[in-house]
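Trainee: Below is the structure I would like to discuss, written out as structure tokens.
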Amino acid sequence: MASFLNCWTQPLKIFAGFQGQGEELPEMEEDVDLKEEVLHVANARCPMGLPVVKAWGYENTTLRLPMNGSISISVDAGETGATVTAIACTAFRSDRLWVDGREKRASNYEHLPSILELLRDKCKNSGYPDLAEMRIRIAIAKGNVGEEVLGAEAELSTLLYCLAALLHFREDFPGHLSIIARKFLGGSCRCLYGGFVAWKKGEKEDGTDSFAMQLAKENHWPELKILALSLSDAKMKLTSTEAMHRCAETSQLLKLRAKHLVPEYMLELRDAIHEKNFHHFAKIVMQDTNQVQGCCMDAQPPIFFSNHHLELVMEVVNDMNHVAGENIAAYTFDSGLNVFILTKEDKIATVMKNILYYFPPSDEMGLVNICPDRKVLSATGIESMDALTTMPPPGTKTARWSGLVKDVKILNVGGGPKLLQLPTDSLLDLDTGLPKVY
């Protein structure tokens, strides 16, 4: 087998932009036998950054400077998150790229040429000219947790982090890589840290003080859990990116929110995180989510991001909190493709019981398909579909909406990017430089 050098630091993910059905691929290289070659290898995985105070809209779209700061939670998506492998070798004649096993043209794939140019220049100037000249093969396995924007941000940060590791990138100052990530895809800067992360708005026009920083490590609040709900609903008419641009250009409410409300939310949420005060934490998270929807309605023409399905989830969460006499759950979402419910570990069974009752699975789906965690399912006391059908309502509502929730993933607060060290972690075969076949 080829000898390989695992490279510096931790992983990243890239925006896996689709290049279209009719994309022409570069002329195929002849097969390369890498068994006797020296390979430079990096395998990376990053967390997904879930914003709980949102940076909704850019003040400067070129530099991707946000209208306001934000706070996010790094979500450990495990093996369901995006993973990137990159291999550099003198035997390669061109850069090549595969996304989920399908080859794409590396020379015009979203952000990739610019990332490679920047990191190769830095690599050459840092004393590794031979490495900087090597061609690179890259494989991306896109994750399946997170909606359109959140998943793209995590993928971009993983790609950047992986290639930075491969090409021996060293930060010139704290937050340097975060600033690079922000310039490519805004919120991807927050995926380069674990735990609880703040994205500073910054005041300088050149954006050199707008970067992400860690507020608290992933083990600070281990009781905090994230439930990712996939809804059986059509996609929105606008993407989150399109909605943010329209809001930034036309919503007066968004400007007032950014200037007067978000700075206060940032301070209050930071304190709630450090004090592990879930009641206040949940209040701010839901208030911020509601306000973003209000800003969308204030845009011209209005943006209807909140649909009936989302509103039902919001109603059930509010009803849960009302029955409990305190906030035991909080909802947050952007474009409505996924809803995230935050809660504490000792309340997961209560939250799941409400989800199963008010959004029961169809007979074809079954309980385990909605809640694959059998321990949590057992804790709800719901042992069968018959038991679910006949149980009394856990809240004040009596209506039920079958089939609205397709599945629920229970996720943890995650650490920062990491490099995967084993040869078996590679998405590319180290003997051929081609995607592995499973």
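Trainee: Among the residues of region 312-369, what is the count of those that are within 19 Å of LYS409 (Cβ to Cβ) and either free of Cβ contacts under 8 Å to residues at least 12 places away in the same chain or of a type in the set (Lys, Arg) (or both)?
Mentor: Within region 312-369, residues that are within 19 Å of LYS409 (Cβ to Cβ) and either free of Cβ contacts under 8 Å to residues at least 12 places away in the same chain or of a type in the set (Lys, Arg) (or both) number 4.
Trainee: While we're looking at this one, here's another question. Name the residues in region 46-74 that are hydroxyl-bearing (Ser, Thr, Tyr) and more than 14 Å from ALA212 (Cα to Cα), would you? Before the answer, list the steps.
Mentor: Filtering region 46-74 down to residues hydroxyl-bearing (Ser, Thr, Tyr) leaves 58, 61-62, 70, 72, 74.
The answer is TYR58, THR61, THR62.
Trainee: Are any residues in region 180-230 assigned to a helix (DSSP H, G or I) and either open to solvent by 70 Å² or more (accessible area, probe 1.4 Å) or not β-branched (Val, Ile, Thr) (or both), and if so, which ones? Even if it seems obvious, please write down each step before you answer.
Mentor: Of region 180-230, the ones assigned to a helix (DSSP H, G or I) are 180-192.
If the condition is that a residue be assigned to a helix (DSSP H, G or I) and either open to solvent by 70 Å² or more (accessible area, probe 1.4 Å) or not β-branched (Val, Ile, Thr) (or both), then ALA181, ARG182, LYS183, PHE184, LEU185, GLY186, GLY187, SER188, CYS189, ARG190, CYS191, LEU192 are the ones that fit.
Trainee: For the subset of region 105-151 comprising residues that are at pLDDT 95 or above and in contact with a strand residue (DSSP E or B) (Cβ under 6 Å, 6 or more places away or on another chain), which member is most open to solvent (accessible area, probe 1.4 Å)?
Mentor: Step by step, filter region 105-151, then rank; the result is MET134.
Trainee: In region 247-265, is there at least one residue being open to solvent by less than 40 Å² (accessible area, probe 1.4 Å), touching a Lys or Arg at 6+ places or on another chain (Cβ under 9 Å) and at pLDDT below 95?
Mentor: Yes, there is a match, as at least one residue in region 247-265 is open to solvent by less than 40 Å² (accessible area, probe 1.4 Å), touching a Lys or Arg at 6+ places or on another chain (Cβ under 9 Å) and at pLDDT below 95.
Here is a yes/no grid of residues against (1) within 17 Å of GLU59 (Cβ to Cβ); (2) of a type in the set (A, V, I, L, M); (3) modelled with pLDDT of 95 or more; (4) touching a strand residue (DSSP E or B) at 6+ places or on another chain (Cβ under 9 Å):
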site: LYS183; (1), (2), (3), (4): yes, no, yes, no
site: GLY194; (1), (2), (3), (4): no, no, yes, yes
site: TRP199; (1), (2), (3), (4): yes, no, yes, yes
site: SER210; (1), (2), (3), (4): yes, no, yes, yes
site: SER232; (1), (2), (3), (4): no, no, no, yes
site: LYS235; (1), (2), (3), (4): no, no, no, no
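Trainee: Hey, among THR389, THR350, which residue is out of contact with any Cys (no Cβ under 6 Å at 6 or more places or on another chain), closer than 28 Å to MET48 by Cα, modelled with pLDDT of 90 or more and open to solvent by 20 Å² or more (accessible area, probe 1.4 Å)? Reasoning before the result, please.
Mentor: Working: THR389 fails: closer than 28 Å to MET48 by Cα.
After applying the criteria, what remains is THR350.
Trainee: Is there a residue being assigned to a loop (DSSP other than H, G, I, E, B), open to solvent by 20 Å² or more (accessible area, probe 1.4 Å), farther than 23 Å from CYS123 by Cβ and not aromatic (Phe, Trp, Tyr) anywhere in region 66-79?
Mentor: So far as region 66-79 goes, yes, one or more of its residues are assigned to a loop (DSSP other than H, G, I, E, B), open to solvent by 20 Å² or more (accessible area, probe 1.4 Å), farther than 23 Å from CYS123 by Cβ and not aromatic (Phe, Trp, Tyr).
Trainee: So if I check each of VAL405, VAL413, VAL376, VAL339, which one is within 23 Å of the chain's Cα centre (by Cα), farther than 26 Å from ALA55 by Cβ and open to solvent by less than 50 Å² (accessible area, probe 1.4 Å)? Let's see the steps before the verdict.
Mentor: Details: VAL413 fails: farther than 26 Å from ALA55 by Cβ; VAL376 fails: within 23 Å of the chain's Cα centre (by Cα); VAL339 fails: farther than 26 Å from ALA55 by Cβ.
Testing whether each residue is within 23 Å of the chain's Cα centre (by Cα), farther than 26 Å from ALA55 by Cβ and open to solvent by less than 50 Å² (accessible area, probe 1.4 Å) leaves just VAL405.
Trainee: Further question on the same structure: For region 36-56, does any single residue satisfy the condition of being closer than 30 Å to ASN338 by Cα and in contact with a His (Cβ under 8 Å, 6 or more places away or on another chain)?
Mentor: no
Trainee: Can you tell which of ILE136, ILE140 is outside any helix (DSSP H, G or I) and under 30 Å from ASP407 (Cβ atoms)?
Mentor: ILE140
Trainee: For ARG170, only one of the following conditions fails: (1) surrounded by fewer than 22 Cβ atoms within 10 Å (Cβ to Cβ); (2) part of a helix (DSSP H, G or I). What is its number?
Mentor: (2)
The values are calculated or read from the model by the stated rules, or taken from the named source; none is laboratory data. No experiment lies behind these values; they were computed from the predicted model shown. Reconstructed Cβ throughout: ideal geometry from the backbone, glycine too, with neighbour counts over all protein chains shown. These area figures cover heavy atoms from the full protein model, side chains too; ligands, DNA and RNA do not enter into them. Shrake-Rupley method; radii C 1.70, N 1.55, O 1.52, S 1.80 Å.
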